[in-house]
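Beneath this line is the structure, given in structure tokens, with notes to follow.
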Amino acid sequence: MRLSTRGHYGLKAMFDLAQNYGSGPISLRTVAERQNLSDHYLEQLIAMLRKAGLVKSMRGAKGGYFLAREPSEIRVGDVIRTLEGPIAPVHCVSEIDPGNCNKADYCITRTVWERVRDGIAGVLDSITLADLCREAEETNKC
């Protein structure tokens, strides 16, 4: 399973907003510059994150974007699912609407893919944006 740039860049943007949580709205241009991302692409990602209720926006000269909840309340899994869709190494074990498979009852590999899905989901759901900020502070990877 491989994540696209949506998940990768979207998480970087959310990390940036988390690092600056509480300091007011931040322009997308600022986030894009700090994270070395395309402004245009970031606009598309932020729209998806806003629709999912993970970020909010404020219009005006001092406007921009900010996290809708505290960094400790937003899991990496929330961001990835919003931008990439349900966690699923193969379609038949998708978290949401698994594909019908006429071999599901006796498919030996299905259990492997379920365990992979659950392992990935477990890791992504165990890490919050606050955890990422703490780790960045400890390792100076800002």
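The values are calculated or read from the model by the stated rules, or taken from the named source; none is laboratory data. Here the structure is a predicted model, which is why all the values come from computation and not from measurement. Neighbour counts are summed over all protein chains in view; Cβ atoms, including those assigned to glycine, are modelled from backbone coordinates with ideal geometry.
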Query raised in the report: Based on what the data block shows, is Ala130 surrounded by 14 or more Cβ atoms within 10 Å (Cβ to Cβ), within 20 Å of the chain's Cα centre (by Cα) and not in a loop (DSSP other than H, G, I, E, B)?
Result: yes
Requested in this report: Answer with yes or no whether Glu95 is of a type in the set (D, E, K, R) and touching a Ser or Thr at 6+ places or on another chain (Cβ under 8 Å).
Outcome: no
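So which residues in the stretch 82-115 are among the aliphatic types (A, V, I, L, M), more than 26 Å from Ile127 (Cα to Cα), touching a helix residue (DSSP H, G or I) at 6+ places or on another chain (Cβ under 9 Å) and assigned to a helix (DSSP H, G or I), if there are any at all?
Those that are among the aliphatic types (A, V, I, L, M), more than 26 Å from Ile127 (Cα to Cα), touching a helix residue (DSSP H, G or I) at 6+ places or on another chain (Cβ under 9 Å) and assigned to a helix (DSSP H, G or I): none in the stretch 82-115.
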Report summary line: Within the stretch 67-81, residues in a helix (DSSP H, G or I) and surrounded by fewer than 20 Cβ atoms within 10 Å (Cβ to Cβ) come out as Ser72, Glu73, Gly77, Arg81
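Just to verify a result, which residue in the stretch 66-99, among those that are in contact with a Pro (Cβ under 6 Å, 6 or more places away or on another chain) and not β-branched (Val, Ile, Thr), is modelled with the highest pLDDT? Before the answer, list the steps.
Keep residues of the stretch 66-99 that are in contact with a Pro (Cβ under 6 Å, 6 or more places away or on another chain), which gives 66, 92, 94-96.
Now restrict to residues that are not β-branched (Val, Ile, Thr): 66, 92, 94-95.
Details: Phe66: 97, Cys92: 80, Ser94: 79, Glu95: 80.
Ranking the qualifying residues of the stretch 66-99, first place goes to Phe66.
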Query raised in the report: Of all residues in the stretch 85-117, which are over 30 Å from Tyr21 (Cβ atoms) and either among the charged types (D, E, K, R) or touching a residue at least 24 places away in the same chain (Cβ under 8 Å) (or both)?
Result: Ala88, Pro89, Val93, Asp97, Lys103, Asp105, Arg110, Trp113, Glu114, Arg115, Val116, Arg117
Query raised in the report: Applying the selection to the stretch 1-54, what residues are in a loop (DSSP other than H, G, I, E, B), surrounded by 12 or more Cβ atoms within 10 Å (Cβ to Cβ) and in contact with a strand residue (DSSP E or B) (Cβ under 9 Å, 6 or more places away or on another chain)?
Result: Asn20, Tyr21, Pro25, Ser27, Leu54
